[in-house]
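Here is the structure we will look at.
The values are calculated or read from the model by the stated rules, or taken from the named source; none is laboratory data. Just so we're clear, the structure is a prediction, and the values are computed from it rather than from any experiment. Please note: Cβ atoms are built from the backbone with ideal geometry, for glycine as well, and neighbour counts cover all protein chains shown. Protein only, heavy atoms only, side chains kept; ligands, DNA and RNA dropped before computing areas. Shrake-Rupley method; radii C 1.70, N 1.55, O 1.52, S 1.80 Å.
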There are 2 protein chains.
Amino acid sequence: MAQNLARREELADAGLRVLAAQGARGLTHRAVDREARVPQGTTSNYFGSRDALLGALGSRIFERLAPAPEVLGSVGRLPPTLEQATAYLQDIVARTTRHPELTLALFELRLEAVRRPALAEILRATLERNYTLDTEFHLQAGLPGGAQEVALLHYAVDGLLLDLLTVSVNGRHDPPGMVRELANRILGASRSRPPA
Amino acid sequence: MAQNLARREELADAGLRVLAAQGARGLTHRAVDREARVPQGTTSNYFGSRDALLGALGSRIFERLAPAPEVLGSVGRLPPTLEQATAYLQDIVARTTRHPELTLALFELRLEAVRRPALAEILRATLERNYTLDTEFHLQAGLPGGAQEVALLHYAVDGLLLDLLTVSVNGRHDPPGMVRELANRILGASRSRPPA
């Protein structure tokens, strides 16, 4: 069972490399077999349909983008100020832009899901679970702002990442500075609360 | 010459329908010929390469998403308040979500450009021109905020549109309300200035 899980992760990682290099158009079960150097048919055995394969890439992206335990721990230990929330968001953007292929793959999957209802269902579950965990973390840490602010930050950071990782609308980038401005404006009017 | 221009627009519109229905993977010169019901080879005559074709779709999107002249006119006539900026942004989001295929196509093109440097160059020129016009319009109308605020709004609205038009992270949507919150927070601390 543990071996199966390791193999699934290995195949999903190979799928993410194919998606980054070739886009959704190049992602086939066979292309993943080749990329992972496994016998033809292996990826089909693990992911029985194109939607199952694409959906598994979605969950794998969030596993790989999860913050390091020490980052999560430090947010819990330090005072839940605006500065702390800003540093946490800056860490998310720094981590994400160090592995551009993961967030680019997630954008590809979200677009592909518009045309594939079965993928949309799998991906919606993944995105909503991640968003719920994010919101709970924010509230439990007592960081400024509530569910509404977390939603606004999600939109703003997604749009900033789209600009950083694809063709930019203005080419003027200072990611930590932009994140600070967004956090100041979106969370700045809210008070910190005692951690839950 | 005018006929050529009309034919280019007609082919670009057919290309946008193909892109929306099938994604970048389905967009070929032949598929556009078929969609536009023109003789095979016509699209290749107008757009000599895949990058030229994709790049032309990018400019066409902005032509089709341009605000109605009466909207632009009313922004110039009314006082340049936060309410006015909010209504203008709400109109952008309402117009965009009424034609989801256009903004979805633009997201597809931005992702495709990551893998195609020649497309990235064409698309960058289109995006930067549009962004410059937006910023000039905002400043000339004397709306609250400056170039930095326009950039932050661009990111936030792009992320909101990604959420509205693809799989949502939380499925809770009230687009005019979300736009109002974003405008309040991003522009709210800035004063209106006399129109230039």
Per residue convex hull volume, Cα atoms of the stretch B:1-78, in Å³: 112
Over chain A, what is the relative contact order in whole percent, taking alpha-carbon pairs under 8 Å and six or more residues apart? 24
How large is the accessible surface per residue of the protein assembly as shown, computed with a 1.4 Å probe and reported in Å² as a whole number? 45
Under a point spin-label approximation (7 Å from Cα along Cα-to-Cβ), what is the A:THR97-A:SER74 distance to one decimal in nm? 1.8
Can you give the average number of partner chain beta-carbon atoms within 10 Å of each beta-carbon in peptide A:146-158, as a whole number? 6
In terms of the ratio Rg/(2.2 N^0.38 Å) built on C-alpha atoms, what value belongs to the protein assembly as shown? 1.03
State, to one decimal in nm and shortest first, how far the label point of B:ASN4 sits from each corresponding label point in the other identical copies (label point: 7 angstrom along Cα-to-Cβ). 6.3
If all Cα-Cα distances of chain B are sorted into 5 Å bins from 0 onward, what percent lands in each bin, rounded to whole numbers? 1, 7, 14, 17, 17, 14, 12, 9, 5, 2, 0, 0
Inter-copy label distances at B:ALA147, 7 Å along the Cα→beta-carbon direction, one decimal in nm, shortest first? 4.0
Could you compute how fast the stretch A:105-196 diffuses translationally, taking Rh as the Kirkwood radius over C-alpha pairs and applying Stokes-Einstein at 10 °C with viscosity 1.306 mPa s? Give it in µm² per second. 106
Nm distances between the label at A:LEU72 and the same-position labels in the remaining copies, 7 Å along Cα→Cβ, shortest first? 5.1
Taking Lys and Arg as +1 and Asp and Glu as -1, residues besides B:ARG110 with C-beta under 12 Å from its C-beta add up to -2
At 1.4 Å probe size, with the rest of the protein present, what percent of the exposed accessible area of the protein assembly as shown is carbon and sulfur atoms? 53
Average beta-carbon neighbours from other chains, 10 Å sphere, peptide B:103-113: 4
Label-zone membership for the stretch A:49-66, site A:ARG7, 7 angstrom Cα→C-beta point, backbone N under 19 Å: A:49-50, A:52-54, A:56-57, A:60
Per-residue mean of other chain beta-carbon atoms within 10 angstrom of the beta-carbon, peptide A:19-25? 4
Size of the A/B contact, given as accessible area buried on both chains, probe 1.4 Å, in Å²: 4400
Compare B:ARG110, B:ARG37, B:ARG95 in a GNM of chain B, Cα atoms joined below 10 Å, and give the one with the largest fluctuation. B:ARG37
Which order do peptides A:165-176, A:71-82 fall in by mean Cβ count within 10 Å, highest first? A:165-176, A:71-82
